[in-house]
1. What helices (runs of 4 or more DSSP H) lie completely within region 466-581 and have 3 or more residues being at positive phi?
2. Which condition does residue 463 not pass, out of (1) under 29 Å from residue 487 (Cβ atoms); (2) touching a residue at least 24 places away in the same chain (Cβ under 8 Å); (3) surrounded by 18 or more Cβ atoms within 10 Å (Cβ to Cβ), if it passes all the others?
3. Is one or more of the residues making up region 439-457 part of a helix (DSSP H, G or I) and at pLDDT 95 or above?
4. Residue 396: farther than 21 Å from residue 334 by Cα, surrounded by 20 or more Cβ atoms within 10 Å (Cβ to Cβ) and outside the structural domain of residue 235 (by TED's automatic domain parsing), yes or no?
5. Is there a residue in region 250-269 that is farther than 27 Å from residue 39 by Cβ and either surrounded by fewer than 17 Cβ atoms within 10 Å (Cβ to Cβ) or at pLDDT 95 or above (or both)?
6. Go through (1) surrounded by fewer than 17 Cβ atoms within 10 Å (Cβ to Cβ); (2) over 26 Å from the mean Cα position of the chain (by Cα); (3) in contact (Cβ under 8 Å) with a residue 40 or more places away in the chain and name the single condition residue 477 misses.
7. Restricting to region 251-284, count the residues that are part of a loop (DSSP other than H, G, I, E, B) and either within 26 Å of residue 190 (Cβ to Cβ) or not assigned by TED's automatic domain parsing to the domain that holds residue 127 (or both).
8. Quick check on region 282-291. Is at least one of its residues crowded, with 21+ Cβ neighbours inside 10 Å, modelled with pLDDT of 95 or more and within 21 Å of residue 637 (Cα to Cα)?
């Protein structure tokens, strides 16, 4: 029986079976592949001076050496770029608990303070050089910082301990990214031209990046006599076009600034733990051991429609007030509306960023997101619908429901494009591509419009898809004939929508590779999993597809008679799943939409405190109202703010 199943299996399955067999007999099991860490430093200053430095990335030389001592005592092995490249090529393997040391910007302290320590321990390291800085054309970001000389670079190359990497020739700078004049990382920014009012085209952008990376490699070869094998992305920012340009310039290994482990199976972009605020040994131990992955989120949900005003000056005042308010909250994340919903029905009528399909209410999202990131110090998730886009599109592109004995356009308040319609999928995909192209975001929040009832979608193309791909009946009556059949149909729809959001996220990642994802979930599918049939939403499925599940923890919206009990049951339901609490954001409401009244502050605080008592890690609220101070800032500072972290 086992043999016949293999014979009849698809080719990909046969190949996988053979690969596993070969790995077992050769001892090359994937489980044995060792992870390694990449640590990132910048300027190493003399002992004591980091405390008074204005640069948060300065680390004192005594703390740096203490880090190395701790690594050695705890069994970590310092490896070189060559060790990693050889392991990636299958020539050898790197030890368990390996660490790669990297230093950005080419400060002279690398030669005067780091290099002697490297020779003392015989440790290898990588230093990333900025062409225009070391060439004297541009000055370092912080005045007074001294840079390496070429004589020092050549001496360290000859030592065999130091790998010279490119930090680009002239891309370690900002460039104008939008009509408001925000300066963002030049490597990933489509330049905005005030004269023409236009953005750099994809072709112009591609040519600029390819030329820049080739020049950066040639520059180091000319002065140091070695062709760089590593590209270290300025500010950790890169995209697929930049990766392609780096490979063509001979730098197949690149490095970003996302926390995490690495494997030799993927060295295209290595994750790095950046050292900031001069961590002592205790703090260093915490960073290396936990990778900053256990930090709680505090999230404010901001409507861009609240900030926009027909008077541009008033819009500016609104944005300024919101940014200051968020900064004063001392939180870490904002879910920021990227679309306009002027009538409040949940459908996108226009967008707040340049795109190929919908009207642009104002090219504003990039500006607000960047100001929130740089001035309020938060991560920004773009909040966008999955399907609810209203435009003059063919009716056949939209969801159809079975009503009055026939299939017709859905009567749901969300006017949703159909996940089964290829043209509609392509339309939405291009919207997300444009978001990634023009806006610097940390994540995507998928709106709660990704639902299908037990009477949707019954368009001809949807029914044909269900028959051909899932083997289901192509008549509504048969799909609805029994609970078992309805559940099978629903689960297929649930998974298809989630797969589509994965596709949308990947289109954004073409330009913003580090983004995380979150998706709104109604409470009922979590409290009563059988209700998935009415929503095509599943908490279990969402946990598998997204970094976070944003649960609408809104008892008044659900007419809960005992709100505290309802919230307690909701948290317990999430905790029932592995990683259920770790990946869930519980979103409280600050407005009672049925009465159109503000949620009283004592009630809101009581809910916050209850969630924390129940062990909830991530808490958010919707909406934030800067004009009415709702929720009250002083309450948020006391009950919602995050503690200061190193």
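1. Working: elements: 476-479, 483-509, 524-527, 532-535, 539-545, 563-575.
Counting at least 3 such residues, we get no helices (runs of 4 or more DSSP H) at all.
2. With (1) under 29 Å from residue 487 (Cβ atoms); (2) touching a residue at least 24 places away in the same chain (Cβ under 8 Å); (3) surrounded by 18 or more Cβ atoms within 10 Å (Cβ to Cβ) applied to residue 463, the lone miss is (2).
3. Restricting attention to region 439-457, the residues satisfying the condition of being part of a helix (DSSP H, G or I) are none.
No, that holds for no residue.
4. Working: farther than 21 Å from residue 334 by Cα: yes; surrounded by 20 or more Cβ atoms within 10 Å (Cβ to Cβ): no; outside the structural domain of residue 235 (by TED's automatic domain parsing): yes.
Considered against the rule, which asks whether it is farther than 21 Å from residue 334 by Cα, surrounded by 20 or more Cβ atoms within 10 Å (Cβ to Cβ) and outside the structural domain of residue 235 (by TED's automatic domain parsing), residue 396 comes out as no.
5. no
6. Failing condition for residue 477: (3).
7. Going through region 251-284, the residues part of a loop (DSSP other than H, G, I, E, B) turn out to be 251-252, 256-261, 263-268, 271-272, 275-280.
Still in the list and also either within 26 Å of residue 190 (Cβ to Cβ) or not assigned by TED's automatic domain parsing to the domain that holds residue 127 (or both): 251-252, 256-258, 268, 271-272.
Count: 8.
8. no
The values are calculated or read from the model by the stated rules, or taken from the named source; none is laboratory data. Computed from a predicted structure; not experimentally measured. Cβ atoms come from the backbone with ideal geometry, glycine included; neighbour counts cover every protein chain shown.
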